[in-house]
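**Q** First the structure, which I've put down as structure tokens, then a few questions once you've had a look.
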Amino acid sequence: MEKIIIKTPEQIEGIRKSSKLAGQTLEYITQFVKEGVSTEFLDQKIEAYMRENGAIPATLGYSGYPKSSCISLNEVVCHGIPSENIILKNGDILNIDVTTILDGYFGDTSKMYTIGEVSPIALELIEVTKHCLDLGIQQVKPGNQFGNIGFAIGKYIKSRGFSVVYEFCGHGVGIKFHEEPQIDHSSRRNTGPYMKPGMTFTIEPMINEGRPGTVVDKVDKWTARTVDNKLSAQFEHTILITETGYEVLTDVTGEYLVC
Ligand code: MF3
Ligand code: CO
Ligand code: CO
């Protein structure tokens, strides 16, 4: 098993800067997320913003992925490829996922956006998914085990009648795009590696309205959809384990206090 990297203070500063830019990219793009706009247009705006700020989009060319972001609409769970042919329409919900490389350091974050009038079930799914991310973040402190993130999320989701996607996970991030450990969003209590100060990783729960299973598009080999074509939502942050708790490195809104 590969080892979990403990980052040096210098590396942490680099990851902090890159993560901040990734968070700012999600804020910047908000003004363009409107009915009638193509996801290709949003992707181009994202790429230009990252480059203007000295960064490179990490997804571009990653394992052959062709775009600067992932934009996943409605029943798409993750890895939606931006396209001229995908036009945002009233009632859509979408996740935009961006990863920056700034001075060689990676920051990874995603959030949900809504177009016009959205169904009550879609709004509930988005709210529940955001709460899953927050429950996961609350588990982050030195000495805890990574499995308790997925335990907290899984337990809560059972009570809400939605399902946790198990085929895609969070991951260590910072020096590389995907590092050890793998962060499951549904797991057993007190399992997995122990958390230590200086580790950086993502929590990125994908929650489905219906069944948890996903199917990857046979043609583009990336787009993952729900097996029952019901809705899916996702939120993601890059997190640093501190001596006493966590710092949400991709939060630029001041929502999470360093603890
Ligand atoms: N940003 C995604 C994640 O959260 C990974 C996208 S990889 C891509 O891990 F190749 F699909 F872009
Ligand atoms: Co990620
Ligand atoms: Co991501």
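Throughout, read-outs are computed from the coordinates displayed, never taken from laboratory work. Please read these numbers as outputs of a predicted model, since none were measured by experiment. Glycine also receives a Cβ, built like all others from the backbone with ideal geometry; neighbour counts cover every protein chain displayed.
**Q** Could you calculate the contour length gain from Thr242 to Val258, that is, 0.36 nm times the residue separation minus the distance between their Cα atoms, to one decimal place in nm?
**A** On the way: separation 16, 0.36 × 16 = 5.76 nm, distance 0.87 nm.
The Thr242-Val258 span can extend by a further 4.9 nm.
**Q** For a quick check of your reading of the filter: which trypsin sites (Lys or Arg not before Pro) in the range 215-259 sit in a DSSP loop and have no more than 12 other Cβ atoms within 10 Å? Before the final figure, lay out each step's value.
**A** Values: sites: Lys218, Lys221, Arg225, Lys230; in loops: Lys218, Lys221, Lys230.
Sparse-neighbourhood loop trypsin sites (Lys or Arg not before Pro): Lys218, Lys221.
**Q** Taking the Cβ of each residue in Asp134, Asp220 as the centre, tally the other Cβ atoms inside 10 Å and list the residues starting with the fewest.
**A** Numbers: Asp134 19, Asp220 12.
Going from sparsest to densest Cβ surroundings: Asp220, Asp134.
**Q** Moving to a separate point now. Considering only the other residues whose Cβ falls under 12 Å of the Cβ of Arg16, what net charge follows from Lys and Arg at +1 and Asp and Glu at -1?
**A** On the way: positive: Lys7, Lys17, Lys20; negative: Glu10, Glu13, Asp103, Glu247, Asp251.
With Lys, Arg at +1 and Asp, Glu at -1, the neighbours total -2.
**Q** In Å, what Kirkwood hydrodynamic radius results for the chain from the alpha-carbon pair distances? Could you put the intermediate results ahead of the total?
**A** Working: mean 1/r = 0.0551 Å⁻¹.
Taking the inverse mean of 1/r over all distinct Cα pairs, the chain comes out at 18.2 Å.
**Q** First measure r as the distance between the Cβ atoms of Lys196 and Asn229, then evaluate 1/(1 + (r/R0)^6) with R0 = 41 Å and state the FRET efficiency to the nearest 0.05.
**A** Working: r = 41 Å, r/R0 = 1.01.
Efficiency at R0 = 41 Å is approximately 0.50.
**Q** Before rounding to the nearest 500, sum -39500 (n - 2.57) across all DSSP H runs of length at least 4 in the chain and divide by the residue total; then give [θ] at 222 nm in deg cm²/dmol.
**A** Working: 4 runs with 68 residues, N = 259.
Result for the chain: -9000 deg cm²/dmol, rounded to the nearest 500.
**Q** Would you list Lys89, Lys67, Lys17 from fewest to most Cβ contacts within 10 Å? Working shown, then result.
**A** On the way: Lys89 13, Lys67 23, Lys17 19.
By the 10 Å Cβ count, ascending: Lys89, Lys17, Lys67.
**Q** List the GluC sites (Glu not before Pro) within the range 48-154 that fall in a DSSP loop (any state other than H, G, I, E or B) and whose Cβ has at most 16 other Cβ atoms within 10 Å. Display every interim value, and only then the final one.
**A** Numbers: sites: Glu52, Glu75, Glu84, Glu117, Glu124, Glu127; in loops: Glu75, Glu84, Glu117.
Answer by residue number: Glu84, Glu117.
**Q** Then there's this: Between the range 162-178 and the range 47-100, what is the C-alpha centre distance in whole Å?
**A** Distance between centres, Cα-based: 17 Å.
**Q** For each pair in Lys20/Lys155; Lys17/Lys176; Lys141/Lys230; Lys17/Lys196; Lys20/Lys111; Lys130/Lys155, compute the distance between the two Cα atoms and list the pairs where it is over 24 Å.
**A** Lys20/Lys155; Lys141/Lys230
**Q** Could you pull the Rg and Dmax for the range 150-197, using just the Cα atoms, both in Å?
**A** Every Cα atom of the range 150-197 included, Rg and Dmax give 12.3, 37 Å.
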